[in-house]
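For reference, the structure is listed below as structure tokens.
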Amino acid sequence: MPKITFIDPNGTHHDVDGTPGETLLDVARDHDIDIEGACEGAMSCSTCHVIVERKTFKNLPNPDEDEEDILDLAYGRKRTSRLACQITLSDDIDKLAVKVPTQFQ
């Protein structure tokens, strides 16, 4: 079972378990993590933008071109930014740590 740590903008850590086949957005919603996901995972917005910690970023498959295009719209994008709706959990992804950025300032 994949272990995920969500880190709120204020630094609070939420350690949760995910299930292979779920998206990171699904896990966040299941555990009341404040990630919007306005398009319901259709990859037409950037409101589920998360910043994956460098030490766990290498465990993820590379984003495709469509995700990269949407990430260009994300506020505060970093090199390790991803869309939570596009990260599908698997047994190969464990101990994933992601920061939930402030959406707008």
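The values are calculated or read from the model by the stated rules, or taken from the named source; none is laboratory data. None of the values given here were measured: they were computed from a predicted structure. Glycine also receives a Cβ, built like all others from the backbone with ideal geometry; neighbour counts cover every protein chain displayed. These area figures cover heavy atoms from the full protein model, side chains too; ligands, DNA and RNA do not enter into them. Shrake-Rupley method; radii C 1.70, N 1.55, O 1.52, S 1.80 Å.
Gly21 falls short on exactly one of the conditions (1) farther than 14 Å from Thr102 by Cα; (2) at pLDDT below 95, and that condition is (2). Across the range 1-30, the qualifying residues are those that are touching an Asp or Glu at 6+ places or on another chain (Cβ under 6 Å) and within 23 Å of Glu67 (Cβ to Cβ), and the one among them that is least open to solvent (accessible area, probe 1.4 Å) is Pro2. Cβ-Cβ contacts under 7 Å between residues 6 or more apart (or on different chains), taken from a first residue in the range 17-31 that is in contact (Cβ under 8 Å) with a residue 40 or more places away in the chain and among the aliphatic types (A, V, I, L, M) to a second residue that is open to solvent by less than 40 Å² (accessible area, probe 1.4 Å) and assigned to a helix (DSSP H, G or I), are listed as Leu24/Ala84; Leu25/Ala84; Leu25/Cys85; Ala28/Ala84. In the range 32-66, the residue that is nearest to Thr12 (Cα to Cα) out of those that are touching a strand residue (DSSP E or B) at 6+ places or on another chain (Cβ under 9 Å) and aliphatic (A, V, I, L, M) is Ile33.
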